[in-house]
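Below: the structure, in structure tokens.
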Amino acid sequence: MGTVTLNNGLKMPLVGYGVFRVPEGEDLAEAVKTAIAKGYRSIDTAQVYRNEESVGRGIRAAIEEGLVTREELFITSKVWNDGLSYEETLAAYDSSLEKIGLDYLDLYLVHWPGIDTNYVEVYKALEKIYQDGRVRSIGVSNFHVHHLEKLLKETKVIPVINQIEFHPHLTQEEVRAYCTDKDIQVEAWSPLMNGALLEEALIQELASKYDKTPAQIVLRYDVQHNVVTIPKTMTATRMVENLDVFYFTLTDGEMAQLDALNDGLRCGPDPEKFNFK
């Protein structure tokens, strides 16, 4: 599986397993264990998903059954930073660790910049956790250029990741260019637009040409843009398919065609408007 090297030297898989909107429960724990058995090494959750306990059960079961070692995994969670103080952010990290049942996370993110929020203070708490060696890397999610500019002026540790909504209908060139300039890795959430992209005519045409699924075409598009991607599925066969994107290449022309689908269409909130309400 392909990896990227983050700005602190840590390696991260290019394709991970996402669990957004999957409820707490045994089905999720089993799905996480299955994903690990099928080859996933990166698992992405968040405080606000309210499923960290099930994710943790799946991870620990995989480790206990000898499917993987903890050191081989890359586990991400995110702090829901609505009005949190510095101290409350430190406590939120402890809470996530307790729910997941691990001694450390590989990546901890500020989930949203919000509007007129204290995301800088929250990120400073993440810096403290990182400097104390309790998390392997820290970053942000849904930050636009002006959010990043403010953060970099007022903090010391450059985020390793900016996790944003990214897909052919929302290519976010300005944000990606800024992140590239600052050595911040871009990661895509909702890469398949909750499945809506799978019906796109161009994507279906390319899937037919390469004898791949529409999802594989989109995930390959992410990989060729050097964007980490975290598709979600509860189906074992699709887990395998979503990982199998490293043995074919879209042409430059096809990448340009997919880029040309960009029309600013979002399936999630706009960071300029989202205020936790």
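Side notes on the structure shown:
- Averaging 1/r over each pair of different alpha-carbon atoms in region 141-192 and inverting the result gives 11.2 Å, the Kirkwood hydrodynamic radius.
- Accessible area per residue (1.4 Å probe, heavy atoms of protein chains only) ranks SER141, SER85 as SER85, SER141, with the largest value leading.
- Computed accessible area, GLU199, all protein chains, 1.4 angstrom probe, square angstrom: 140 Å²
- Choice from HIS225, HIS169, HIS147 with maximal GNM fluctuation in the chain (Cα, 10 Å cutoff): HIS225
- The alpha carbon gyration tensor of region 190-255 gives principal lengths a ≥ b ≥ c with a/c below 1.5, which makes the shape rounded.
- Bins of 5 Å from zero: percent of alpha-carbon pairs in the chain: 1, 6, 13, 17, 19, 18, 13, 8, 4, 1, 0
- Bridgeable lysines around LYS182 (alpha carbons under 19 Å apart, same-chain partners fewer than 8 residues away excluded): LYS11, LYS124, LYS150, LYS153, LYS156.
- Region 142-191 and region 34-73 have Cα centres lying 26 Å from one another.
- Beta-bridge orientation, the chain: approximately 15 percent antiparallel, per DSSP, counting only bridges with both partners inside.
- Listed by chain and number, the aspartates and glutamates whose alpha-carbon sits under 12 Å from that of LYS128, ignoring those within fewer than 8 places in the same chain, are GLU87.
- Lysines with Cα under 20 Å of LYS212, excluding same-chain neighbours fewer than 8 positions away: LYS38, LYS232
- Stokes-Einstein translational diffusion, region 1-51 - Kirkwood Rh over all Cα pairs, 1.306 mPa s, 10 °C, in µm²/s: 131 µm²/s
- Heavy-atom accessible surface of region 1-156: percent carbon and sulfur, 1.4 Å: 45 percent
- Subtracting the Cα-Cα distance of VAL145 and LYS209 from their residue separation scaled by 0.36 nm leaves 19.3 nm.
- Its Cα gyration tensor gives region 150-277 an equivalent ellipsoid. The semi-axes, each the square root of 5 times an eigenvalue, are 27, 16, 15 Å from largest down.
- Accessible area (Å², per residue) of region 152-251, counting only protein heavy atoms and a probe of 1.4 Å: 43 Å²
- Largest first, the extents of the alpha carbon coordinates of region 61-193 on the three principal axes equal 44, 36, 23 Å.
- Within region 1-101, percent of DSSP bridges classed antiparallel, to nearest 5: 40 percent
- Computed over the chain with a Gaussian network model linking Cα atoms closer than 10 Å, the most mobile of LYS232, LYS11, LYS99 is LYS11.
- Trypsin sites (Lys or Arg not before Pro) within region 115-212: DSSP coil, no more than 11 neighbouring Cβ in 10 Å: LYS156
The values are calculated or read from the model by the stated rules, or taken from the named source; none is laboratory data. For clarity, every value in this text was computed on a predicted model and none was experimentally measured. Here Cβ is always computed from backbone atoms with ideal geometry, including for glycine, and neighbour counts include all displayed protein chains. With ligands, DNA and RNA removed, areas are computed over all heavy atoms of the protein, side chains included. Shrake-Rupley method; radii C 1.70, N 1.55, O 1.52, S 1.80 Å.
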